[in-house]
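The values are calculated or read from the model by the stated rules, or taken from the named source; none is laboratory data. Quick caveat: nothing in here was measured; it's all calculated off a predicted structure. All Cβ positions, even for glycine, are placed from backbone atoms using ideal geometry, and neighbour counts span all protein chains on display.
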Amino acid sequence: LPSHPNATIAAEAARCAGAQGAYWPMHDLLFNLQKQWSPLGAEQAVDAFVGYAGDLELDPVAYRQCLDSGEFGELVRLDVWEGEQAGVQGTPSFRINGKLIKGAYPFETFQELIEAELHKTP
């Protein structure tokens, strides 16, 4: 699964924010500011993430400790491995009843796919 050098630590950054109840706000912030932090070195990226945590009013000490400890590193690596095993080669990718769906589609497309699966005879 191809990614940029800071992708793993960014995933950990979102998980560490989640430990303080702010996974989705951090996720959205990381996505929106990706062009700012993705070209940084690892340490500068971590510093940026800690700054974002402050913007979200998270406990900066606990957040930094979470990142420094690698608390969510194994979980993130497992997520990547599972994606690779499932045939995921990029994002977005989805699995619907075991079928890999690659790419972004409108809601109606997913609704049709799910409805078709629900109406199949077992």
For segment 1-70, please list each of the helices (runs of 4 or more DSSP H) lying entirely inside it that holds at least 3 residues being of a type outside the set (Phe, Trp, Tyr) and within 28 Å of Gln89 (Cβ to Cβ).
-> 7-18, 23-32, 34-37, 42-55
Residue among Thr109, Thr8 that is surrounded by 16 or more Cβ atoms within 10 Å (Cβ to Cβ) and not acidic (Asp, Glu) = Thr8
Scan segment 101-112 and give yes if some residue there is part of a strand (DSSP E or B) and either at pLDDT 90 or above or more than 24 Å from Ile9 (Cα to Cα) (or both), otherwise no.
-> yes
Condition met for Gly98 (modelled with pLDDT under 90 and either basic (Lys, Arg) or over 16 Å from the mean Cα position of the chain (by Cα) (or both)) | yes
On the given criteria, is Ala86 over 18 Å from Ile9 (Cβ atoms) and small (Gly, Ala, Ser)?
-> yes
Leu30 passes all but one of the listed conditions (1) more than 30 Å from Gln111 (Cβ to Cβ); (2) surrounded by 12 or more Cβ atoms within 10 Å (Cβ to Cβ); the exception is number (1)
